[in-house]
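A short worksheet on the structure shown next.
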Amino acid sequence: MNTPLNPLDLSGRHFLVTGASSGIGRSTAILLHRLGARLSIVDLDEAGLSAVQAELRGGGQVEPHRTDLSDIPAIEPLVGRCVAANGPLHGVVHCAGIQAIVPVRTLQVEGWRKIFAVNTEAALMLGKTMSSRKVYAGEHGSIVFISSVMGMAGSIGAIAYSMSKAALDGMARSLSLELAPRGIRVNCIAPGFVQTPLLERTGKLWDEGQRKAVEDLHPLGFGKPEDIANAVAFLAADTGRWITGSVMVVDGGYLAR
Amino acid sequence: MDEFLAEMAEILEEDTVNPRDELTSFESWDSLATLSVVAMADDKFGVNMSAQELQRAVTVEDLYQLITAKKAA
């Protein structure tokens, strides 16, 4: 038997990556592509998608799809277009998300529903669609949802975000049980604070002292998008073949206290 | 019946299903499909079926008859 030299090899596999125009999604797309995968990259930011596509010239095919993932009924047709363009899917990595610091007294129904739609309901619809025999390639199936330490630990102003991520973790556990017989693994990654455009936007609400206080909650400092992309690759590839229904914490020690 | 067939097609991951199709001929006819039919009978017909009751069905039409008979009872 030939053993692949690279246990993270994804040659010949097709992954759909959401939120791929920036941050964790962008780093994930770049790494999975370097590992040999064909990609369908999805984001609302069309210019960002084009920039990532230009960066990924050579190697496996990369197809951009501009989509608003809060439009849940649009996700199944989106996945259909991805399969038509790039073949059946081996995996989905849902990195797209909304993070907003909104205290309970100013939290509005429309706001928390939008967060829940993108962070949680879109993930479920992606998982549901991926499980279809018309979509799934039939082997090496792996779904990775980017969750958050906020799904396990509270933080002021993160009520809706925490709700969406805790629900995501719970959904993934049950989904993993239903999809295991088809050979599709379902896992979450719970990052701490990672230096992304999302964090920069949130960080504008902080003064330097608050920023330092948040960073000090991480014994290893803020993370980089590549730290999360590396964990995604591990779960996406056969290195994660015996892991399903889990939440992998990648947080620089945030939850260790 | 048409709505039932559409629901069954979705559960069995087929474009269409016919009343006389045998359930075991579908690759997707498994324990989760049975659970889906139980949920569909409750949601669309207001009937509580058990997975054991559904095991008596051989064809798609048998399922429909089991559900509608229980609703009428």
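The values are calculated or read from the model by the stated rules, or taken from the named source; none is laboratory data. The model shown is predicted, which means the values in this text are computed figures rather than measured ones. Counting neighbours? That spans all protein chains shown, and the Cβs are built from the backbone with ideal geometry, glycine included.
Structural remarks
- Qualifying residue in the stretch A:63-72 (condition: at pLDDT below 95, outside any strand (DSSP E or B) and surrounded by fewer than 19 Cβ atoms within 10 Å (Cβ to Cβ)): no
- For A:ALA180, the conditions (1) closer than 30 Å to A:PRO103 by Cα; (2) within 14 Å of chain B (Cβ to nearest Cβ) all hold with the exception of (1).
- Hits in the stretch B:36-55 - residues which are more than 14 Å from B:LEU5 (Cβ to Cβ) and either within 14 Å of chain A (Cβ to nearest Cβ) or in contact with an Asp or Glu (Cβ under 7 Å, 6 or more places away or on another chain) (or both): B:SER36, B:ALA39, B:ASN48
- So A:LYS212, is it crowded, with 22+ Cβ neighbours inside 10 Å, outside any loop (DSSP other than H, G, I, E, B) and either away from chain B (no Cβ under 14 Å) or without any contact (Cβ under 8 Å) to a residue 12 or more places away in the chain (or both): no
- A:ILE98 in a loop (DSSP other than H, G, I, E, B) and under 14 Å from the mean Cα position of the chain (by Cα): yes
- Flag set for A:MET248, criterion: in contact (Cβ under 8 Å) with a residue 60 or more places away in the chain and either in contact with a helix residue (DSSP H, G or I) (Cβ under 7 Å, 6 or more places away or on another chain) or buried (at least 18 other Cβ atoms within 10 Å of the Cβ) (or both).
- Evaluation of A:CYS188 against (1) part of a loop (DSSP other than H, G, I, E, B); (2) in contact with a Phe, Trp or Tyr (Cβ under 7 Å, 6 or more places away or on another chain) (one fails), failing number: (1)
- Of everything in the stretch B:1-35 that is of a type in the set (D, E, K, R) and more than 14 Å from chain A (Cβ to nearest Cβ), the residue that is nearest to A:LYS128 (Cα to Cα) is B:GLU7.
- Test: residue in the stretch B:36-53 that is closer than 29 Å to A:MET130 by Cβ and polar (S, T, N, Q): yes
- Looking at A:LEU5, A:LEU35, just one residue is surrounded by fewer than 24 Cβ atoms within 10 Å (Cβ to Cβ), more than 20 Å from A:VAL79 (Cα to Cα) and modelled with pLDDT of 95 or more, and that residue is A:LEU35.
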